[in-house]
Amino acid sequence: MSSNFDLIIIGSGPGGYVAAIRAAQLGLKTAVVEKSEIGGVCLNWGCIPTKALLRSAEVYTNMQHASDYGLSAEAGFDLPAIVKRSRSIAGQLSGGVKFLMKKNKITMIDGFATLEKGTPAPKVVVGDKTYTAKHVILAPGARARVIPAAGLEPDGKFIWTAKEAMIPDVMPKKLLVVGSGAIGMEFASFYNAFGADVTVVEMLDRILPAEDAEISALAEKAFKKKGMRILTGAQVSGVKPGKDSVSADISGKPESFDRIILAIGIVGNVENMGLEDLGVEIDRSHIVVDEFSRTKIPGLYAIGDVTTPPWLAHKASHEGIICVEKIAGGNPHPLNANRIPGCTYCQPQIASVGMTEQDAKDAGHDVRVGRFSFIGNGKAIALGEPEGMVKTIFDKATGELLGAHMIGTEVTELIQGYTIAQTLETTETELMETVFPHPTLSEMMHESVLSAYGRAMHM
């Protein structure tokens, strides 16, 4: 195996492996160092396997309402089989990434990488071997945040991170989810669907705090309707595992649960790599980079969850492409974080891109806001999914689409329409003149735009 490359990437998650493929396409001799599973956390223990679990939950929920569709079905579930399906899908996709690495003639190096000073980029040490490259990209990802002082750290049995929550040994009767971001609400939805008594605790004043406030309020109403207990402005402390359960104080009031899931953010994987000795700037466990993912160390870059938010797989992949194209002498556009869509695959689904209404007002925009409810859409009614809303936010003076926010079935598939519109700098005029197919859920996107200008047809 060669020890000298044009580019070495540390980490094979959606940032690392996509960057490697793009580098190979551009003719760079590329290697990827991976200490665990190819595909990283997202593919093996995050994005993909959780969607498999949530699909099982969705089908199970629909089975219980078969009579609403003129059908009959006996609803039951096999937890080990559900988990097995999820793990099988993750394994299939990890194998697919291995194939892509081989197809693109990318060298895979197994092990944990550390960095040492060198030129034109830091040296990469894996085990007893040292590798050199003109450029090194850090893509080591992140892990779940824990709070040991409150007892909020995984014990592998009663206190779970997302990884343990994906391979449950039992279906808990009573579950506490700490944190109400995307990860927390997805797991809350999964376990609620299979009958767990779910309590969600959020220290801020509303769940899904990164979303538009109106969408958050609709989501909370929907979750409560499904039987979840939502506690906002609350904190968890004094967590103590027992023989058969785990106790926790919620704002000073003790309760007992079968399991606790931690979903309180992430911490960048920056330890034990020699970054401090190199002088890499780190801010609260995340590496500081410029618009092209360059650190202050010559030849050293960082992408993905180890850098700035939003911490999303598609952001990491796009960062990797931009970084590699810049390395190869291209002139890519810097990433615009405001145009990165976010999706949460709970029931109901939530998706958004751009500014919230409050963000837009705080930024000084005079706004026009359009709304359209699912109940006014024929396809949503036919699907038996009449609850939800599409919300669009425009600048009143220019017609610029500032943000779009959705809640309801399959909105994670719809949001990309607005993302493309923002990328093309489309105004309300082009969106109103666009012909949307009927009958589709996408018609609600059109109606929401029309609503912002007092022209909605079906409300």
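The values are calculated or read from the model by the stated rules, or taken from the named source; none is laboratory data. Not measured: the values here are computed from a predicted model. Cβ atoms come from the backbone with ideal geometry, glycine included; neighbour counts cover every protein chain shown.
Take the conditions crowded, with 19+ Cβ neighbours inside 10 Å and not polar (S, T, N, Q) and apply them to A337. Does it pass? Criteria not met by A337.
Working only within the stretch 353-364, note down all residues that are under 19 Å from A210 (Cβ atoms) and part of a loop (DSSP other than H, G, I, E, B). Even if it seems obvious, please write down each step before you answer.
Kept after step one, since they are under 19 Å from A210 (Cβ atoms), are these residues of the stretch 353-364: 353-363.
Passing the criteria: M355, T356, A363.
Sort out for me the strands (runs of 3 or more DSSP E) sitting completely within the stretch 202-305 that have 1 or more residues that are aliphatic (A, V, I, L, M) and within 30 Å of S352 (Cα to Cα).
Numbers: elements: 229-232, 236-241, 246-250, 253-257, 259-262, 266-268, 300-302.
Result: 229-232, 236-241, 259-262, 266-268, 300-302.
Here E387 fulfils each of the conditions (1) surrounded by 23 or more Cβ atoms within 10 Å (Cβ to Cβ); (2) in contact with a Phe, Trp or Tyr (Cβ under 7 Å, 6 or more places away or on another chain); (3) charged (D, E, K, R) apart from (1). Only one entry in P140, P120, P168 is assigned to a loop (DSSP other than H, G, I, E, B) and farther than 21 Å from K296 by Cα, namely P168.
Name every residue in the stretch 274-311 that is among the aliphatic types (A, V, I, L, M) and either assigned by TED's automatic domain parsing to the domain that holds D169 or buried (at least 21 other Cβ atoms within 10 Å of the Cβ) (or both), in order of residue number. Show your work before the answer.
As a first pass, look at the stretch 274-311 and keep what is among the aliphatic types (A, V, I, L, M): 275, 278, 280, 282, 287-289, 297, 300, 302-303, 306.
Within the stretch 274-311, L275, V280, I287, V289, L300, A302, I303, V306 meet the criteria.
For the stretch 93-114, check the following and say yes or no: at least one residue is among the aromatic types (F, W, Y), assigned to a helix (DSSP H, G or I) and free of Cβ contacts under 8 Å to residues at least 12 places away in the same chain. Reasoning before the result, please.
Pass one, the stretch 93-114, residues among the aromatic types (F, W, Y): 99, 112.
Those still in the list that are assigned to a helix (DSSP H, G or I) too: 99.
Imposing the further condition that a residue be free of Cβ contacts under 8 Å to residues at least 12 places away in the same chain reduces the set to 99.
Scanning the stretch 93-114, I find at least one residue that is among the aromatic types (F, W, Y), assigned to a helix (DSSP H, G or I) and free of Cβ contacts under 8 Å to residues at least 12 places away in the same chain, so the answer is yes.
Taking the numbered list (1) over 26 Å from the mean Cα position of the chain (by Cα); (2) within 23 Å of N338 (Cα to Cα); (3) surrounded by fewer than 20 Cβ atoms within 10 Å (Cβ to Cβ) in turn, H458 passes all entries but (2).
Just one residue in the set I381, I393, I415 is among the hydrophobic types (A, V, I, L, M, F, W, C) and over 30 Å from D68 (Cα atoms); that residue is I393. Does I260 satisfy the criteria of being β-branched (V, I, T), closer than 30 Å to Q64 by Cα and surrounded by fewer than 22 Cβ atoms within 10 Å (Cβ to Cβ)? Spelling it out, it is not the case that I260 is β-branched (V, I, T), closer than 30 Å to Q64 by Cα and surrounded by fewer than 22 Cβ atoms within 10 Å (Cβ to Cβ). If you take the residues of the stretch 32-41 that are in contact with an Asp or Glu (Cβ under 9 Å, 6 or more places away or on another chain) and buried (at least 17 other Cβ atoms within 10 Å of the Cβ), which of them is farthest from A139 (Cα to Cα)? My answer is V41.
Given the structure, is D128 surrounded by fewer than 17 Cβ atoms within 10 Å (Cβ to Cβ), without any contact (Cβ under 8 Å) to a residue 24 or more places away in the chain and not aliphatic (A, V, I, L, M)?
Yes; evaluated as a whole, the condition is true for this residue.
Out of A90, A20, A66, I need the residue that is in contact with a strand residue (DSSP E or B) (Cβ under 7 Å, 6 or more places away or on another chain), small (G, A, S) and at pLDDT 95 or above. Which one?
Testing whether each residue is in contact with a strand residue (DSSP E or B) (Cβ under 7 Å, 6 or more places away or on another chain), small (G, A, S) and at pLDDT 95 or above leaves just A20.
Of all residue pairs spaced 6 or more apart or on separate chains, those with beta-carbon atoms under 7 Å, a first member in the stretch 58-71 that is free of Cβ contacts under 8 Å to residues at least 24 places away in the same chain and a second member that is of a type outside the set (F, W, Y) and surrounded by fewer than 12 Cβ atoms within 10 Å (Cβ to Cβ) are A66/S72.
Contact map, the stretch 408-436: residues that are in the same structural domain as F374 (by TED's automatic domain parsing) paired with residues that are part of a helix (DSSP H, G or I) and among the charged types (D, E, K, R), Cβ distance under 7 Å, separation 6+ or inter-chain. Pairs shown: T419/R339; Q422/R339; T423/R339; F436/E443.
Per this entry, M457 is not counted among residues that are touching a residue at least 60 places away in the same chain (Cβ under 8 Å), outside any strand (DSSP E or B), of a type outside the set (D, E) and more than 14 Å from V353 (Cα to Cα). Would you confirm whether any residue within the stretch 173-184 is under 21 Å from Y60 (Cα atoms), in a loop (DSSP other than H, G, I, E, B) and touching a residue at least 60 places away in the same chain (Cβ under 8 Å)? Yes, the conditions are met somewhere in the stretch 173-184. Of the set (1) closer than 15 Å to E186 by Cα; (2) in contact with a strand residue (DSSP E or B) (Cβ under 6 Å, 6 or more places away or on another chain), all apply to K240 but (1). Condition check for L7 on (1) touching a helix residue (DSSP H, G or I) at 6+ places or on another chain (Cβ under 6 Å); (2) more than 23 Å from A328 (Cβ to Cβ): one failure, at (2). For the structure I just gave you, tell me whether V280 is touching a residue at least 12 places away in the same chain (Cβ under 8 Å), in contact with a helix residue (DSSP H, G or I) (Cβ under 7 Å, 6 or more places away or on another chain) and of a type outside the set (F, W, Y). Considered against the rule, which asks whether it is touching a residue at least 12 places away in the same chain (Cβ under 8 Å), in contact with a helix residue (DSSP H, G or I) (Cβ under 7 Å, 6 or more places away or on another chain) and of a type outside the set (F, W, Y), V280 comes out as no.
Does the stretch 190-200 contain at least one residue that is out of contact with any Gly (no Cβ under 8 Å at 6 or more places or on another chain), acidic (D, E), outside the structural domain of I282 (by TED's automatic domain parsing) and farther than 25 Å from V289 by Cβ? Walk me through how you get there before you give the answer.
Within the stretch 190-200, the subset out of contact with any Gly (no Cβ under 8 Å at 6 or more places or on another chain) is 190-191, 193-196, 199.
Still in the running and acidic (D, E): none.
No, because not a single residue in the stretch 190-200 is out of contact with any Gly (no Cβ under 8 Å at 6 or more places or on another chain), acidic (D, E), outside the structural domain of I282 (by TED's automatic domain parsing) and farther than 25 Å from V289 by Cβ.
Being in a loop (DSSP other than H, G, I, E, B) and of a type outside the set (S, T, N, Q) is the filter here, so list the residues in the stretch 1-38 that pass it. Hits for the stretch 1-38 are M1, G11, G13, P14, G15, L26, G27, L28, K29, K35, E37, I38.
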